[in-house]
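See below for the structure under consideration.
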Amino acid sequence: MLRYEEVPIPAAGKDEVLVRVHAVGVNPGDWQIRSGLAGDRFRLPYIPGWDVSGVVASVGAGVTSFHPGDAVYGMTVNSGGCAEYVVVPAGNLALKPQSVDFVEAAALPQSGFTAWHALFVQGKLEKGQTVLINGAAGGVGHLAVQLARWKGARVIGAASARNEPYLFDLGINAFVDYTSILPAEIEQSVDIVLDTAGGEKVEWLLNTLKPGGRLVPITWGRYSSDNAAKASVTVQEIQYPQITTAYLDELTRLVNGGQLNITIDSVFPLEETAKAHEKSESRRARGKIVIRVL
Ligand SMILES: NC(=O)c1ccc[n+]([C@@H]2O[C@H](COP(=O)([O-])OP(=O)(O)OC[C@H]3O[C@@H](n4cnc5c(N)ncnc54)[C@H](OP(=O)(O)O)[C@@H]3O)[C@@H](O)[C@H]2O)c1
């Protein structure tokens, strides 16, 4: 259960920054941790929220890259973002993109970085290749669609039918309704699959890959290793790499340049964090859910 209450303001230690939080991005990990699905390594009292944007209130010893008053965004190392103040390592922050407000900036770090890492580091996606993004309208998916298009890839977006017009507006080249039969022309036509949806019913994704293709999952899905071997495709391991200022700066550049747009599904006040979690748990968000603190 979530409770809204007063706690002391934390202090920035060495190489850390105290951020006056303006907005917090919501990720499925927030309610997965809260409901115990992420195991017992998170102890009470626990403040949710990893993705934050805000203004630097003070800096700890050794921090030279940020100054009080800077507008920043980034990701905490141990949650705590759903608060007026949070401490973040300087290496997990960057200057906020000037072209977006604090709500949009808070939506970006974890989802943008996850999409980037899955497509370009794990998937090694190259210009001219075809990528299928399952869950293309979600927090990670809608950013992955745009990053893949920016790279020069052909993008097939998979979602339910209500998201088809939205995804074509976002730049996909072809659409697959994951509730219908897979169109024959999609079979064995894809170099890389990014699966953001996972679950029990994702076996069909293996049929979309060319021999030698790679499936990159960012969440658990039931893919048969026998069928993957028969189709000569690989299913990669889920990875959760550490965000850095350099990655955030790449995302900032694309946002400021207009190549990466952030869709905001809904915004909730801090007191209604529980409602924001409920919305995320519905798995129906189009783009990102954000909590406004200031
Ligand atoms: N957010 C992150 O930064 C992050 C990082 C690492 C891992 N992950 C994991 O990755 C997963 C996705 O995260 P997210 O933030 O993108 O989630 P999300 O925003 O909650 O995803 C919502 C989207 O999922 C789609 N969806 C739901 N069921 C689907 C299905 N069976 N097949 C295809 N699409 C489906 C929905 O589209 P329709 O309404 O059209 O069905 C909706 O647009 C989560 O399990 C999360 O724990 C997320």
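If we keep just the residues of the range 283-294 that are of a type outside the set (A, V, I, L, M) and closer than 23 Å to Gly135 by Cα, which is surrounded by the most Cβ atoms within 10 Å (Cβ to Cβ)?
Checking each candidate, the answer is Lys288.
Can you tell me which of Asp249, Asp265, Asp226 is of a type in the set (Asp, Glu) and either touching a Cys at 6+ places or on another chain (Cβ under 7 Å) or in a strand (DSSP E or B) (or both)?
Asp265
In contact (Cβ under 8 Å) with a residue 60 or more places away in the chain, closer than 19 Å to Arg154 by Cβ, within 11 Å of the ligand (Cβ to nearest atom) and not in a strand (DSSP E or B): does that describe Leu205?
Answer is yes for this residue.
Can you name the residue in the range 30-53 that is in contact with a helix residue (DSSP H, G or I) (Cβ under 7 Å, 6 or more places away or on another chain) and outside any loop (DSSP other than H, G, I, E, B) and, of all such residues, is modelled with the lowest pLDDT? Break it down into steps so the answer makes sense when it comes.
Initially, the range 30-53 is screened for residues in contact with a helix residue (DSSP H, G or I) (Cβ under 7 Å, 6 or more places away or on another chain), giving 30-31, 34, 38, 42, 48-53.
Then keep just the ones that are outside any loop (DSSP other than H, G, I, E, B); that gives 30-31, 34, 51-53.
Details: Asp30: 95, Trp31: 94, Arg34: 90, Asp51: 98, Val52: 98, Ser53: 99.
Result: Arg34.
Of the conditions (1) part of a strand (DSSP E or B); (2) surrounded by fewer than 13 Cβ atoms within 10 Å (Cβ to Cβ), Asp169 fails just one. Which one is it?
Asp169 satisfies every listed condition except (1).
Would you check which residues across the range 173-197 are over 14 Å from Leu132 (Cβ atoms) and not in a helix (DSSP H, G or I) and list them? Show your work before the answer.
Start the filter on the range 173-197 by keeping residues that are over 14 Å from Leu132 (Cβ atoms), which leaves 179-181, 184.
Those that are over 14 Å from Leu132 (Cβ atoms) and not in a helix (DSSP H, G or I): Thr179, Ser180, Ile181.
Working only within the range 114-147, note down all residues that are farther than 16 Å from Ser160 by Cβ, in contact with a helix residue (DSSP H, G or I) (Cβ under 6 Å, 6 or more places away or on another chain), within 9 Å of the ligand (Cβ to nearest atom) and of a type outside the set (S, T, N, Q).
Ala115, Val140, Leu143, Ala144
Out of the range 8-25, which residues are crowded, with 20+ Cβ neighbours inside 10 Å and either touching a Ser or Thr at 6+ places or on another chain (Cβ under 8 Å) or of a type in the set (A, V, I, L, M, F, W, C) (or both)?
Ala12, Val17, Leu18, Val19, Val21, His22, Ala23, Val24, Gly25
So is Gly81 assigned to a loop (DSSP other than H, G, I, E, B) and on the phi > 0 side of the Ramachandran plot or not? Step through it out loud before you land on a result.
Values: assigned to a loop (DSSP other than H, G, I, E, B): yes; on the phi > 0 side of the Ramachandran plot: no.
In short, no.
Hey, any hits in the range 273-282 for a residue that's surrounded by fewer than 15 Cβ atoms within 10 Å (Cβ to Cβ), within 13 Å of the ligand (Cβ to nearest atom) and within 17 Å of the chain's Cα centre (by Cα)?
Scanning the range 273-282 turns up at least one residue that is surrounded by fewer than 15 Cβ atoms within 10 Å (Cβ to Cβ), within 13 Å of the ligand (Cβ to nearest atom) and within 17 Å of the chain's Cα centre (by Cα).
Could you say which residue among Ile192, Ile181 is more than 14 Å from the ligand (Cβ to nearest atom) and without any contact (Cβ under 8 Å) to a residue 12 or more places away in the chain? Working first, answer last.
Numbers: Ile192 fails: without any contact (Cβ under 8 Å) to a residue 12 or more places away in the chain.
Within the list Ile192, Ile181, the selection yields Ile181.
State yes or no: is Val100 surrounded by fewer than 24 Cβ atoms within 10 Å (Cβ to Cβ) and in the same structural domain as Val267 (by TED's automatic domain parsing)? Spell out how you get there, then give the answer.
Numbers: surrounded by fewer than 24 Cβ atoms within 10 Å (Cβ to Cβ): yes; in the same structural domain as Val267 (by TED's automatic domain parsing): yes.
Yes, satisfied.
Please work out if Ile238 is within 12 Å of the ligand (Cβ to nearest atom), surrounded by fewer than 18 Cβ atoms within 10 Å (Cβ to Cβ) and under 30 Å from Val88 (Cα atoms).
For Ile238, the condition - within 12 Å of the ligand (Cβ to nearest atom), surrounded by fewer than 18 Cβ atoms within 10 Å (Cβ to Cβ) and under 30 Å from Val88 (Cα atoms) - is met.
The values are calculated or read from the model by the stated rules, or taken from the named source; none is laboratory data. Computed from a prediction, not measured in an experiment: that's the story for all the values here. Ideal geometry is used to build each Cβ from the backbone, glycine not excepted, and the neighbour counts take in all protein chains shown.
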